[in-house]
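Okay, so here's the structure we're looking at.
The values are calculated or read from the model by the stated rules, or taken from the named source; none is laboratory data. Source: prediction; values computed, not measured. Positions of Cβ are backbone-derived with ideal geometry, glycine not excepted, and every protein chain shown enters the neighbour counts.
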């Protein structure tokens, strides 16, 4: 039979250590697309709501 070696659990890294080692991530293409869609939809809805409230004043 093969031997089972116990694995030693590593100490969990603190948030500050994680932020220091991985300070910046480039945005993924899907993230850029989601940001663009969200901003576009927000602006379009804002214009629609303004027009609706001006017309039905």
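With (1) surrounded by 10 or more Cβ atoms within 10 Å (Cβ to Cβ); (2) at pLDDT 95 or above as the list, and residue 29 as the residue in question, which single condition is left unmet?
(1)
All but one of (1) at pLDDT below 95; (2) part of a helix (DSSP H, G or I) hold for residue 39; which doesn't?
(1)
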